[in-house]
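Encoded as structure tokens, the structure appears first; notes follow it.
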Ligand SMILES: Nc1ncnc2c1ncn2[C@@H]1O[C@H](COP(=O)(O)OP(=O)(O)OP(=O)(O)O)[C@@H](O)[C@H]1O
């Protein structure tokens, strides 16, 4: 799903990513850990095309990132401090903006688009907050809104940058349960940066599968059952009971 091949990245003259090779398989859960300044956010920004490699290549779904267009297959939730809480958008508008894609700034929404937005709001249990300004919500509610935005296109790969920073322990636990459920039952592939070693170890084991500089990669591989035809969230949502199943864990 993601092949990182001898990737290097320099900010001005500072080498942040140095000759990194790493592969994410379909339905893996990859946890990325490292101290402040290790290059975690930089790596995620390279993977979603917001930064360009200095050298090396990234292949997404088998295609070089320089040609890759199919961004709907990837959901990205940036770090919380990447967002200005004074931005005057409602939760619904935030989720809706996930549908626009990279080229079209605005397009008229059809009934199926509205349904996708409603589904994503329901799955994250924030339908009642749809009309509220994002800046007026708690940290946990804001995270749910941004996760709903990332889910609105039923991505196959979710990339999350420290999704639980600033959230209380109980909400954090609920959030992990939810993404774990999405990984195990809805077959979404995850790449997540976190400082929460406890959660990482509980789900991904105590040994990193790879270290690169100060970055450590923890991985849980999942093997699809042979009869498994579903690979994304929309299939699960459309299936009767799928939504309820999703909500039971929140
Ligand atoms: N826009 C930028 N211009 C120059 N240097 C930058 C820029 N953004 C980040 N850096 C530097 O690149 C290095 C890696 O930063 P990055 O944000 O990727 O680290 P991180 O591992 O995500 O850290 P944290 O855990 O604090 O979020 C740091 O030394 C940082 O100062």
- Query: For residue 55 and residue 114 in one chain, what is 0.36 nm times their gap in residues minus the Cα-Cα distance, to one decimal in nm?
  - Reply: 17.1 nm
- Task: Consider a paramagnetic label point 7 Å from the Cα of residue 64 along Cα→Cβ; state which residues of region 1-44 have an amide N under 16 Å from it.
- Result: 3-8
- Would you give the gap between the C-alpha center of region 114-129 and the C-alpha center of region 164-216, rounded to a whole Å? 23 Å
- Fewest first, what order do 206, 97 take by the number of other Cβ atoms within 10 Å? 206, 97
- Note on the structure: Rg (one decimal) and Dmax (whole number) from the Cα set of region 109-196, in Å, equal 13.0, 40
- Item | Theoretical gain in end-to-end length, residue 23 to residue 173 [0.36 nm per residue, Cα-Cα removed] | 51.2 nm
- Message: I need 218, 100 ordered by Cβ neighbour count within 10 Å, fewest first.
- Response: 100, 218
- Note on the structure: The exposure ranking of 22, 29, fewest beta-carbon neighbours within 10 Å first, is 22, 29
- Task: Mind running the shape call on region 156-216? Use the C-alpha gyration tensor, a ≥ b ≥ c as the square roots of the eigenvalues: rounded below 1.5 for a/c, prolate if a/b tops b/c, oblate otherwise.
- Result: oblate
- residue 185-residue 84 pseudo-label distance in nm [points 7 Å out on the Cα-to-Cβ vector]: 3.9 nm
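Once you sort the root eigenvalues of the Cα gyration tensor of region 1-136 as a ≥ b ≥ c, which label holds: rounded (a/c under 1.5), prolate (a/b larger than b/c) or oblate (the other case)?
In terms of gyration-tensor shape, prolate.
Rounded if a/c is under 1.5, else prolate if a/b beats b/c, else oblate: with a ≥ b ≥ c from the C-alpha gyration tensor eigenvalues square-rooted, which is region 1-78?
Taking the square roots of the gyration eigenvalues as a ≥ b ≥ c, region 1-78 is prolate.
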- Task: Give, in nm to one decimal, the length gained when the segment between residue 127 and residue 10 is fully stretched (0.36 nm per residue of separation minus the Cα-Cα distance).
- Result: 37.9 nm
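No lab work stands behind these numbers, since they all come straight from the coordinates. Source: prediction; values computed, not measured. FYI the Cβ positions are ideal-geometry reconstructions off the backbone, even for glycines, and counts take in every protein chain you see.
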